[in-house]
1. Could you give the length gained by full extension between Ser26 and Leu110, i.e. 0.36 nm per residue of separation minus their alpha carbon distance, to one decimal place?
2. Under a point spin-label approximation (7 Å from Cα along Cα-to-Cβ), what is the Arg12-Asp44 distance to one decimal in nm?
3. The stretch 18-50: which GluC sites (Glu not before Pro) are DSSP loop and have at most 14 other beta-carbon atoms within 10 angstrom?
4. Taking R0 as 41 Å, what FRET efficiency do you get between Arg73 and Phe98 from their Cβ-Cβ distance, rounded to the nearest 0.05?
5. Mind jotting down a quarter of the surface of the convex hull over the alpha carbons of the stretch 29-114, in square nanometres, one decimal?
Amino acid sequence: MATILAPQSEERGFTRWDYRVSGWFSSPHELEERPGVFIIATQDFSLPFVLDVSESENVRFCVLNHERRTLWRRSAVGGMLYAAIYTEDAESPFLSEFQRKNIEQHVRTLEQPMFGTDDLLSGPARETSHHI
């Protein structure tokens, strides 16, 4: 029996963090295979509570295969929500990645997500020092 996909309705989106955001979606399959920054959240409050933020050349693939996806599910008491800020390809891969990392850092600074650079559940960040 063939599966028939429903036609996509108008894009769901909103403005937050000074960017146009595509989402909130209940499935990562609704994310596009485009470069951008993805936001993982849970619906526990009046606004979705951000669990993680990261950037990728392929948002959907990265979310579906992310090393922290099990941690996201365990922490998403109100259910998982997915959103993305898509970026247009810059003139070079370096500039495109630089743009995504800047957006990711901006959203991380505003939201202070549970997972990511300094995971709250993984203990304090280790400092590395080089003595000569």
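1. Gain on stretching Ser26 to Leu110: 28.0 nm.
2. For the pair Arg12/Asp44, the computed spacing is 2.1 nm.
3. Those satisfying the criteria are Glu32, Glu33.
4. Here the calculated transfer efficiency is 0.85.
5. 5.5
Taken together, the values in this text are just the output of simple stated rules run on the coordinates, not laboratory data. Computed from a predicted structure; not experimentally measured. Ideal geometry is used to build each Cβ from the backbone, glycine not excepted, and the neighbour counts take in all protein chains shown.
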